[in-house]
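Visitor: Quick one: structure below, then a few questions.
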Amino acid sequence: MHLDPLAIITAFGLIFLAELPDKTMFASLAMGTRMKPLYVWFGTSSAFIVHVAIAVGAGGLLGLLPDWIVKLVSALLFAFGAFMLLRGGGDDGDEDDEVKTVTGFWPVYGTAFMAVFISEWGDLTQITTANLAASNGAWSVAIGSAAALMSVSALALLAGRFIAKRVPLKTVQRVGGVCMLGLAIWTAIEIFTG
């Protein structure tokens, strides 16, 4: 198993920025106000790990294709990610679902796991993880992506209210979108220069 520190850092940074304004951050925050935060974090983290494994597996399949096709798919996926982040959005905060008070480790864990597991299918971070895994080391991308997702969940549980009041999420979204657009352009250039 070869770990590439740059791939880990890249995956962490991109996934962190993409997930920060996402609905699952708000779901974690909402669940943390009604349930024991540590139990919620274990549930959300487990769901994120499952999604990362699925995304890395899909990216590994992409890696079997010819290099120029992988780069084209990567450029398109990065462009799609940039579009999703830059188009505005911002309504994710309105999707605070009603969560009843749940106590006990397994009920809280199960509620948090299912909330994230269901909502993350086809999410921007899952697509980005698959995209990164197609052209970088699978283990490096998995570690960086999982760490980013788990960090955002922890951040939401520990300091979510502070972030929501102090840092405009649109700004975070735009920074993530510009980074994704830059990666789309870079990858498209590599098709013709590589």
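The values are calculated or read from the model by the stated rules, or taken from the named source; none is laboratory data. Bear in mind the structure is a predicted one, so any value in this text is a computation, not a measurement. Note: ideal-geometry Cβ built from the backbone for every residue, glycine included; neighbour counts use all protein chains shown. These area figures cover heavy atoms from the full protein model, side chains too; ligands, DNA and RNA do not enter into them. Shrake-Rupley method; radii C 1.70, N 1.55, O 1.52, S 1.80 Å.
Visitor: Can you pull the accessible area of Arg34 for me, 1.4 Å probe, Å² to the nearest 10?
Guide: My reading of the accessible area for Arg34 is about 90 Å².
Visitor: For a label point 7 angstrom out from the Cα of Leu158 toward its Cβ, which stretches of the stretch 23-37 have the backbone nitrogen within less than 15 Å?
Guide: 29, 37
Visitor: Additional query: In nanometres, what is the gap between the two model label sites at Arg34 and Met114, each 7 Å from Cα along Cα-to-Cβ?
Guide: For the pair Arg34/Met114, the computed spacing is 1.3 nm.
Visitor: How high is the FRET efficiency between Ser151 and Met1 when r is their beta carbon distance and R₀ equals 35 Å, given to the nearest 0.05? Don't skip to the end; give the middle numbers.
Guide: Working: r = 22 Å, r/R0 = 0.64.
The pair Ser151/Met1 has a calculated efficiency of 0.95.
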